[in-house]
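One structure is given here, and the rest of the page talks about it.
The values are calculated or read from the model by the stated rules, or taken from the named source; none is laboratory data. No experiment lies behind these values; they were computed from the predicted model shown. Backbone-built Cβ (ideal geometry, glycine too); neighbour counts: all protein chains shown.
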Amino acid sequence: MRNIKSTFPINRCLLPVLLLVFQASCTSLQQKAQTQFNTGEYQLAIASYSRLLETDSANSEANFYIAESYRLSNRIEKAAEYYEKVSEENASFDSQFHKGKSLKGKGEYEAAKEAFEAAKTLTMDDEKIALATIEIQNIDEIETITPIWPNHELENYELLNSTGIDYAPIVSENQLFFTSSRGAGGMYAGTGQGYTRLFKTRAEGINVDVQGIQTLSEFQNESGLNQGAIAISPDGNMIIYARGNSNSKNDLPDVSLFSSKFNGTGFTEPAYMGVNGEAEYWNSTPAFSLDGQTLYFASNRPGGYGGTDIYKATIMASGNFGSAVNMGPEINTPGNEMFPRPLENGEFYFASDGHPGYGKLDILFTRKSMAKPRY
């Protein structure tokens, strides 16, 4: 009994100390999570903020930044439950609006409309109210969408795809080029996936050599950053691709377009393109016109219609591309447009989450004779 009595005051004194240590630990973790979010390390931020939710599931700040991390890393369909918790404690236009986008991405259209309606009541900003109204109208128009190819069935090309990220395929001179995170040497902290690189393999029509996939031989993929969507000129003499998300503080701050040209013996070292504008602009998903004289790409530079817009630039006598020109409100919306692709029949394809659609990015096309894009 003597030992118990003598240690009890000590334990009672330790309790405030332990509470202070716990509070300091939470503060430190919250600061770490915030730094991860601010630097675009969204997957790490999700992990850190999730640890805070283990002790306080109603932590509005943690729920908000987890939701934002999913949204900003192109996984908005996973964000709804976290925006919901934010709205329960501290509802705002942004939390309800993005909750609506998340629910739409999951195909829960009626719930999404309710979130957009709620968002409209939480702001006096006419532009924000208009954005929510457009989203509601777009959902109402889903029933009017008719498929371009009603008799085609989409299949997952399982033999070609990997367990990671695979996207942006193009064909040039019987070669299939694409972007993938397969076999990556490091993890991109923005998504928790490997860094993406450029690959190619032989392709004859729909027959693809899935055993002969190799990294791009024209120039070397760089480590510690993402090599993104690629475009190849019709004559095969110029390669343009997106490059960014470097883990080096001395590199460019965002995703930019780089070009490599064939000089008779090989392709040149990729060079930064002037069409990028400011280094802080995001530029990606390039595509050539059929004559190789125009470059189409997506950018978030100021002066657009919102989100990322599709721009075009025409090649000059110097061989460089001129100033970027926005393709206008017939294609671009307050949402995001990207992945432009012109076809020989005059149709212009692109992806958008701002036109009426099923959620996240949908594929649309337009031609000069059309009043507006369709599916």
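Table for the structure above
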| item | result |
| --- | --- |
| Residue in the range 261-281 that is surrounded by 20 or more Cβ atoms within 10 Å (Cβ to Cβ) and either small (Gly, Ala, Ser) or touching a His at 6+ places or on another chain (Cβ under 6 Å) (or both) present | no |
| Leading residue by the ranking (nearest to Val210 (Cα to Cα)) among those in the range 146-165 that are modelled with pLDDT of 90 or more and surrounded by 11 or more Cβ atoms within 10 Å (Cβ to Cβ) | Leu160 |
| Close pairs from the range 74-88: first under 21 Å from Ser352 (Cβ atoms) and without any contact (Cβ under 8 Å) to a residue 24 or more places away in the chain, partner in a helix (DSSP H, G or I) and of a type outside the set (A, V, I, L, M), Cβ under 6 Å, at least 6 apart | Ala79/Tyr70; Ala79/Arg71; Ala79/Ser102 |
| Check on Tyr311, surrounded by 13 or more Cβ atoms within 10 Å (Cβ to Cβ), farther than 28 Å from Pro356 by Cβ and of a type in the set (Ser, Thr, Tyr) | no |
| Pair list, Cβ < 6 Å and 6+ apart or interchain, from the range 359-375 residues that are within 30 Å of Arg71 (Cα to Cα) to residues that are at pLDDT below 90 and of a type in the set (Phe, Trp, Tyr) | Leu364/Tyr375 |
| Given (1) in contact (Cβ under 8 Å) with a residue 60 or more places away in the chain; (2) touching a helix residue (DSSP H, G or I) at 6+ places or on another chain (Cβ under 9 Å); (3) under 20 Å from Leu72 (Cα atoms), number of the condition Phe339 does not satisfy | (2) |
| Candidate set from the range 93-145 (those that are crowded, with 21+ Cβ neighbours inside 10 Å and hydroxyl-bearing (Ser, Thr, Tyr)); member that is nearest to Gly354 (Cα to Cα) | Ser102 |
| Any hit, the range 318-329, residues being small (Gly, Ala, Ser), modelled with pLDDT of 95 or more and not in a loop (DSSP other than H, G, I, E, B) | no |
| Trp149, sole failed condition from (1) hydrophobic (A, V, I, L, M, F, W, C); (2) within 23 Å of the chain's Cα centre (by Cα); (3) not assigned by TED's automatic domain parsing to the domain that holds Ala242 | (2) |
| The range 330-366 - residue that is of a type in the set (S, T, N, Q) and modelled with pLDDT of 95 or more and, of those, nearest to the chain's Cα centre (by Cα) | Asn336 |
| The range 122-138: number of residues that are under 23 Å from Gly107 (Cβ atoms), without any contact (Cβ under 8 Å) to a residue 60 or more places away in the chain and out of contact with any Gly (no Cβ under 7 Å at 6 or more places or on another chain) | 3 |
| The range 330-360 - residue that is among the acidic types (Asp, Glu) and in a loop (DSSP other than H, G, I, E, B) and, of those, nearest to Ala132 (Cα to Cα) | Asp353 |
| Filter pass, Lys85 being in a helix (DSSP H, G or I), basic (Lys, Arg) and under 26 Å from Ser248 (Cβ atoms) | no |
